[in-house]
Amino acid sequence: HPHTIAAATAAMVWTAQDVLETGKASMLGIATGSIAGLATVTPCAGFVGPAGACVLGVAAGVVCRYFSLVLKEKFGYDDSLDVFGVHGVGGFVGTCLLGIVAAPALGGFNFSTSVGQQTVIQCVAAVGTAVYTAVASYVLLLLVKKIVGGDLRVPASAEQGEGLDQYCHGEQCYTLSHGELEGGQPVDVPGWNTAVTAPEPVAT
């Protein structure tokens, strides 16, 4: 199945780069790579064959990893769980590459337009959607800021210290260990995770 092939290929390509850079594979890299492959092949569902899925997997493993590990570090933008680097970039890349990977020469199912024509159509659609989404999101953020007042971002002390639940709602939603330090951070309690030996049965 093309989705499985793209996910597996992206995971292997991502992992190969991890090994070249750090000398070992990473479970996080394998998992993130496979998700990147799925995000990239999704816009092509129904139009791509096995060979095209491999091309998409390679593209996802290289491009999504670059955005998630290099550009995010360089520009310092906030991208929790690499949603933009994996899903956003992967979806964009897959949409643009559909014109190529849907070609019958790669086992695809686009018999209506040429590779060049379809690639132009896909790229225009991808860029148009990205611009619309960016503008609409910015307008909505300004609207929300106007309604609620103040800054849209909580202070750094709330993000890294007390936690958003405490800051926004005045309550602690999660207890991660037996005891917690002020600020919601888990604390080691001696003996909390230590196995307790059951007492010997008493003879009667």
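Any read-out appearing in this document is the output of simple, stated calculations on the displayed coordinates, not a laboratory observation. Everything numeric here is computed off the predicted structure, so don't read it as measured data. Reconstructed Cβ throughout: ideal geometry from the backbone, glycine too, with neighbour counts over all protein chains shown.
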For the range 43-96 and the range 1-36, distance of Cα centres in Å: 12 Å
Taking only the alpha carbons of the range 1-131, what extent do you get along each of the three principal axes, in Å, biggest first? 44, 32, 18
What's log10 of I(q)/I(0) for the range 59-146 at q = 0.14, 0.18, 0.19, 0.21 Å⁻¹, Debye sum over Cα points only, no solvent? -0.64, -0.89, -0.95, -1.03
Cβ crowding within 10 Å averaged over residues, with 93-100, 131-138 ranked highest first: 93-100, 131-138
What is the mean projected area of the alpha carbon convex hull for the range 122-168, to one decimal in square nanometres? 4.6 nm²
With only alpha-carbon atoms counted, please give the Rg and Dmax of the range 37-104, in Å. 12.4, 41
